[in-house]
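The values are calculated or read from the model by the stated rules, or taken from the named source; none is laboratory data. Not measured: the values here are computed from a predicted model. Here the Cβ positions follow ideal geometry from the backbone for every residue, glycine too, while neighbour counts run over all protein chains shown.
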Amino acid sequence: MSTAAPGAEFTVVFEDVHLAFERNQVLRGISFRLERGETKILLGIAGSGKSTILKLALGLLKPDQGRITVLGEPVSAMREEDLFDLRRRVGIVFQESALFDSLTVRDNVAYRLREEKVPEHEIEEKVREALRFVELEHTLDKVPSELSGGMRRRVGIARAIISRPEVLLYDSPTGGLDPITSTRIIELVVKQRDVQKTSALLVTHRLQDAFMMASHYFDVHSNAMLPVTCGSGIDTHTSFLLMRDGKIIFDGSAPELGQSTDEYIREYFS
Amino acid sequence: MELLSPIEIVKSNVSAVQDYWLLAMRSLSNLWRKPRYLADFLIQADSIGVGSLPIVVLTGFFTGAVLALQSSATLAKFGSLALTGQLVSLSMVRELGPVLTSLMVTGRNSSGMASELGSMKVTEQIDAMRALGTDPTKKLVTPRVVATVIMMFFLTIISNLVGLTGGWVVSRVMLGLDSNQYWSQAYQNLHAEDVTMGLVKPVIFGFIIATIGCYYGLSTKGGTQGVGRSTTQAVVAASVIILVLDFFVTRAIMLWFGSAI
């Protein structure tokens, strides 16, 4: 069990977290730490508890046992009404986007700022900036049902990053999308990681996305995602966390993962 | 289908009542907590109040009309046809106005709330709202509860008035009663107890309609099928609770005014 004292260097800390839904034990003693500026990719088969970890980190679910600390706040011990301030410092991109279907793209992206009573002219500026980041500035007045799945995911990213959160949680941002759209979204995630240096937990089923994130960086000069070359000294600050049956069976970097002799891990990646 | 033990069934029902109670109390305590969503309240007030007006007016009018028609045969046997106004007035104000308006608003709005919030729940929009730092009970539940309570109060008054008008039309056109006689009978026999009963009930029923609709919406599970189930359950539960509560509220007000036997 980890005994980390959550300090400034860690943004998310899980310590021996257990959770069951009725008789189904979903998480069995999860412990890990997410460093500031680090991106941790959560891998595992469907039902292994990856998305549950993101919901626990936001306090949307409460653990049965264990301790969760986010940005120094004891999320697992806080009351719902006390969590709202903390949640404003954390962004989340849901699996199915979870955009408010009766609001336009503009209102969806502006939602958090309106709640914070930010002046309207400032909101407009920030909404355009966030939508420009995901290259969807032209969709301002559309409603979510008029957008494709990939566009909805990108609006979800714009909504999550608009208030410049310190931690971002991505729940299968490329799930169910074609390879070209997936790469485009991964490029946005990498851009957010390397430009804003935001800490992130990312759940994915697509191994190619995970390895692309670990092996590419965003070059601001060419405004494109480029592969890390040997000897360049560029650190993508990306690590992997592999789950099986509610437990973490691997927590480390891409090279460490490649060297693993664990049979299940080798089978998973083959 | 999995068979549940009686203990499990009791536990889940007790837990549901507890969750409902907590949500209902939260919807009230939010009135003293910021932020307050005035725009959402106005949208709901328009949807519930103005939107329900046509059905409330229609049902109110024909309830009053049929009351006059049904009672006329019996009253005529005792030579008391002149009391039609009094009968329509007391029945509408004390009982039928509040209950029928509540049932109409239940069918229209409790189901609407359950399906709207249920759809938001199954598409993770409620979680998204919480994740964006908004308390869904403040943003979604409290405006609906306050709007329903206030609008039910006025809708019931309108329903009573329209019901009396329906009774008057039948009395005048079909029974040949004098208009002055009808209205003076209707007005002079209404006492504080009747008016209190007629105005307290819609407030209580409005609270039930909104909290039940929101509770079933927010506890929706199981995709679109679950939304349909929540909607049906909300209408059934709210209707039954209103009818049961009607008895107890009537009894309590009668005891309060000392008219209970």
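Among the listed residues A:Asp219, A:Asp178, which satisfies the condition of being surrounded by fewer than 17 Cβ atoms within 10 Å (Cβ to Cβ), charged (D, E, K, R) and in contact with a strand residue (DSSP E or B) (Cβ under 7 Å, 6 or more places away or on another chain)? Reasoning before the result, please.
Numbers: A:Asp178 fails: in contact with a strand residue (DSSP E or B) (Cβ under 7 Å, 6 or more places away or on another chain).
Exactly one residue qualifies, and that residue is A:Asp219.
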Would you say A:Arg112 is within 26 Å of A:Ser199 (Cβ to Cβ), modelled with pLDDT of 90 or more and within 14 Å of chain B (Cβ to nearest Cβ)? yes
Examine the stretch B:35-44 for a residue that is farther than 21 Å from B:Gly112 by Cβ and more than 21 Å from the chain's Cα centre (by Cα), and state whether such a residue exists. yes
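I'd like the full set of residues that are of a type in the set (Gly, Ala, Ser) and away from every other protein chain (no Cβ under 14 Å), limited to the stretch A:44-63.
Residues satisfying the conditions are A:Gly44, A:Ala46, A:Gly47, A:Ser48, A:Gly49.
Of everything in the stretch A:158-167, what is touching a Leu at 6+ places or on another chain (Cβ under 9 Å) and farther than 24 Å from A:His138 by Cβ? Give them in sequence order. Before the answer, list the steps.
Within the stretch A:158-167, the subset touching a Leu at 6+ places or on another chain (Cβ under 9 Å) is A:158-163, A:166-167.
Hits for the stretch A:158-167 are A:Glu166, A:Val167.
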Spot the failing condition for A:Leu147; the list is (1) at pLDDT 90 or above; (2) surrounded by fewer than 16 Cβ atoms within 10 Å (Cβ to Cβ); (3) over 22 Å from B:Ala39 (Cα atoms), and only one is missed. (2)
Just to verify a result, which residue in the stretch A:64-83, among those that are surrounded by 18 or more Cβ atoms within 10 Å (Cβ to Cβ) and within 13 Å of another protein chain (Cβ to nearest Cβ), is nearest to B:Glu124 (Cα to Cα)? A:Leu83
Could you check, for the stretch A:23-43, whether at least one of its residues is within 13 Å of chain B (Cβ to nearest Cβ), assigned to a loop (DSSP other than H, G, I, E, B) and either touching a Lys or Arg at 6+ places or on another chain (Cβ under 6 Å) or of a type outside the set (A, V, I, L, M, F, W, C) (or both)? yes
Taking B:Leu175, is it on the phi < 0 side of the Ramachandran plot, among the aliphatic types (A, V, I, L, M), crowded, with 16+ Cβ neighbours inside 10 Å and touching a residue at least 60 places away in the same chain (Cβ under 8 Å)? yes
Of the candidates A:Phe21, A:Phe100, A:Phe94, A:Phe84, the one satisfying the condition of being over 24 Å from A:Ala130 (Cβ atoms) and either modelled with pLDDT of 90 or more or more than 14 Å from the chain's Cα centre (by Cα) (or both) is A:Phe21
Hey, does the stretch B:150-160 have a residue that's at pLDDT below 95 and touching a Phe, Trp or Tyr at 6+ places or on another chain (Cβ under 7 Å)? no
Residue count for the stretch A:149-201, restricted to those that are of a type outside the set (S, T, N, Q) and in a helix (DSSP H, G or I): 26
Looking at the stretch A:93-107, can you tell me whether even one residue there is among the hydrophobic types (A, V, I, L, M, F, W, C), closer than 17 Å to A:Thr181 by Cβ and in contact with a Phe, Trp or Tyr (Cβ under 6 Å, 6 or more places away or on another chain)? yes
